[in-house]
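Values in this text are rule-based calculations from the coordinates and carry no lab data. Note that the structure is a prediction, hence the values are computed from the model and not measured. Glycine gets a Cβ as well: all are built from the backbone with ideal geometry, and neighbour counts include every protein chain shown.
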Amino acid sequence: MLDLIINSFWLILPSYFANFIPVLLKGKKPIDFKKNFIDGNRLLGDGKTIEGSFGGFFGGLLIGLLQIYFQPYLPVKFYHNQITIILLSFGAVFGDLFGSFIKRRFNLRRGRPAPLLDQLDFLIFSLVLVSLVAEIELNIVIFLVIVTPIIHFLSNIFAYLFKLKGVPW
Ligand code: CTP
Ligand code: MG
């Protein structure tokens, strides 16, 4: 069980970073350039910025490079390489943007909660992309799908308490 926990978090760490760093960056320039979709709603909304998206991607890469450097000295079974950290970081950012795209199509304004979509969009995209180049055990996927919403929820409450975020979700 401890092995499962360690390897799951080791695998997904670049995605978690890519997802959380945008909250800290407080970007200003919307990555949809304030454009509307054909339904009249925003393409993505003001919550998805250029600074946040690129900062998240490169932040994920940075933690991934540190992981590649230290993994020979650590009790981890999953080994990262340049491709896995790129796919995980890109998947996290893109999945989060895709999640916002879906929310806008359902008339949910920026920042409104979409349970499970908000917590799992980045994770699913990351896992699908990384599984193209690495074999990911099913129990790791199941573990992450269960614990990620809980971690996401708790970290958002902390971000809200520390005034990094306007709403606690
Ligand atoms: N953020 C960003 N760029 C991104 C993703 C997130 O700048 N690509 C920042 C924004 O400040 C955003 C915050 O991180 O408000 C929290 O992200 P999230 O909860 O995903 O965005 P929401 O504001 O809830 O917007 P949405 O309803 O579109 O999910
Ligand atoms: Mg949100």
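One residue is enough: does the range 94-111 have a residue meeting the conditions of a type outside the set (Val, Ile, Thr), in a loop (DSSP other than H, G, I, E, B) and more than 16 Å from ligand 2 (Cβ to nearest atom)? No; the residues of the range 94-111 include none that is of a type outside the set (Val, Ile, Thr), in a loop (DSSP other than H, G, I, E, B) and more than 16 Å from ligand 2 (Cβ to nearest atom).
Scanning the range 1-46 for residues that are in contact (Cβ under 8 Å) with a residue 12 or more places away in the chain and β-branched (Val, Ile, Thr), we see that the one that is surrounded by the most Cβ atoms within 10 Å (Cβ to Cβ) is 12.
Total residues in the range 47-62 satisfying the condition of being over 21 Å from residue 109 (Cβ atoms) and in contact (Cβ under 8 Å) with a residue 60 or more places away in the chain: the figure is 0.
When the criteria are applied in full, residue 157 fails the requirement of being out of contact with any Phe, Trp or Tyr (no Cβ under 9 Å at 6 or more places or on another chain), within 25 Å of residue 46 (Cβ to Cβ), outside any loop (DSSP other than H, G, I, E, B) and within 16 Å of ligand 2 (Cβ to nearest atom). On inspection, residue 22 passes the criterion of being within 27 Å of residue 110 (Cα to Cα) and either out of contact with any Asp or Glu (no Cβ under 9 Å at 6 or more places or on another chain) or not in a strand (DSSP E or B) (or both). Put simply, of 68, 63 the only residue that is over 10 Å from residue 14 (Cα atoms) and not acidic (Asp, Glu) is 68.
All of (1) aliphatic (A, V, I, L, M); (2) farther than 18 Å from residue 20 by Cβ; (3) more than 10 Å from ligand 1 (Cβ to nearest atom); (4) touching a residue at least 12 places away in the same chain (Cβ under 8 Å) hold for residue 102 with one exception: (3). When restricted to residues that are within 16 Å of ligand 1 (Cβ to nearest atom) and either small (Gly, Ala, Ser) or surrounded by fewer than 19 Cβ atoms within 10 Å (Cβ to Cβ) (or both), the range 125-140 contains 1.
All of (1) among the small types (Gly, Ala, Ser); (2) more than 22 Å from residue 58 (Cβ to Cβ); (3) in contact (Cβ under 8 Å) with a residue 40 or more places away in the chain hold for residue 126 with one exception: (2). Remark: pairs (first residue in the range 131-158, under 22 Å from residue 2 (Cβ atoms); second residue more than 16 Å from ligand 2 (Cβ to nearest atom) and among the polar types (S, T, N, Q); Cβ separation under 6 Å; 6+ apart in sequence or on different chains) = 134/84; 140/8; 143/8; 144/8.
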